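The values are calculated or read from the model by the stated rules, or taken from the named source; none is laboratory data. From a predicted model like this one, the values you see are computed outputs, not experimental measurements. Positions of Cβ are generated from backbone atoms using ideal geometry, with glycine treated the same way; all protein chains shown enter the neighbour counts. With ligands, DNA and RNA removed, areas are computed over all heavy atoms of the protein, side chains included. Shrake-Rupley method; radii C 1.70, N 1.55, O 1.52, S 1.80 Å.
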Amino acid sequence: NAGVTQTPKFQVLKTGQSMTLQCAQDMNHEYMSWYRQDPGMGLRLIHYSVGAGITDQGEVPNGYNVSRSTTEDFPLRLLSAAPSQTSVYFCASSSLVGQGTHEQYFGPGTRLTVT
Amino acid sequence: SQQGEEDPQALSIQEGENATMNCSYKTSINNLQWYRQNSGRGLVHLILIRSNEREKHSGRLRVTLDTSKKSSSLLITASRAADTASYFCATRGSGNTGKLIFGQGTTLQVKP
């Protein structure tokens, strides 16, 4: 299993540009989520999904869109990049069913700089 | 605002000492999880404690949960230089929405 994969690893955008951060998991997890991590702020939840066709907002959703057309993929779209969106972005997934640990598996992160 | 707040923000100890980190949260939870992050890397799950549990052990890790005080602690015993990392608590709310909210983390430095 590849686990959770994210592309790209690094990205530089100009203010106003749009782009999509890709996230995929091969563990058949129902739950997928996007976080951003800024110095001193920990991880903040942007959007999350509990299954294909279902998405919901997290703590800091403004400026970002998501969709979940398949169980495997959960792309994050930046509609019009702003310098405030400079951050490291992590995608994560977990199972929600059964009595397992439901631990969240993280991708390696995407480091985004908006100039 | 974030669900979890951690204390202290930074902790520096000598190898062999114990390290204790605390986490407080605001709303009712289904479970509370602790994660570790090495510099520049993704987060790795350490341990999960459910809302009906009070204490859990895993190797050198001991986690306690006090739902009446809405707080948890992570104890790392006999610390090693390799334990140097940031540690985060995360809470999964009751109602099985799946949403996992993280605290701001504690940065632990273990000096050899």
Cα-based Kirkwood hydrodynamic radius, segment B:1-42, one decimal, Å: 12.8 Å
In terms of the charge dipole of chain A, which places +1 on Lys and Arg and -1 on Asp and Glu at the beta carbon, the residue among A:THR113, A:TYR89, A:LEU43 farthest towards the positive end is A:THR113
Would you mind putting A:83-89, B:72-78, B:19-25 in packing order, based on average other-beta-carbon counts within 10 Å, highest first? B:19-25, B:72-78, A:83-89
How big is chain A by Rg and Dmax over its Cα atoms, in Å? 13.6, 45
Per residue, what accessible area does chain A have, given a 1.4 Å probe and all protein chains present, in Å²? 45 Å²
Square roots of five times the C-alpha gyration tensor eigenvalues of the protein assembly as shown, ordered largest first and given in whole Å, equal 29, 21, 15
Towards the positive end of the charge dipole of chain B, with charges on Cβ (+1 Lys, Arg; -1 Asp, Glu), say which of B:VAL63, B:TYR87, B:ILE47 has the farthest Cα. B:ILE47
iface A-B | buried accessible area, total | probe 1.4 Å | Å², round 100 | 1800 Å²
Ignoring ligands, DNA and RNA, what accessible area per residue does segment B:5-111 give at 1.4 Å, in Å²? 46 Å²
Can you give me the orientation-averaged projected area of the convex hull built on the Cα atoms of segment A:8-65, in nm²? 5.1 nm²
Charges only on Cβ, +1 for Lys and Arg, -1 for Asp and Glu: so what's the dipole of segment B:5-111 about the Cα centre, in debye to the nearest 20? 300 debye
Shape descriptor, segment A:44-112: equivalent ellipsoid semi-axes (Cα gyration tensor, sqrt 5λ, whole Å, largest first) stand at 23, 14, 10
May I ask you to work out the translational diffusion coefficient for segment B:5-111 at 10 °C, viscosity 1.306 mPa s, via Stokes-Einstein with Rh from the Kirkwood sum over Cα pairs, reported in whole µm²/s? 115 µm²/s
Rounded to 0.05, the calculated FRET efficiency for the beta carbons of B:GLU17 and A:MET19 at R₀ = 41 Å is 0.35
So, relative contact order of segment B:5-111 in percent, Cα under 8 Å, 6 or more apart, is 38 percent
Percent carbon-and-sulfur accessible area, the protein assembly as shown, ignoring ligands, DNA and RNA, probe 1.4 Å: 48 percent
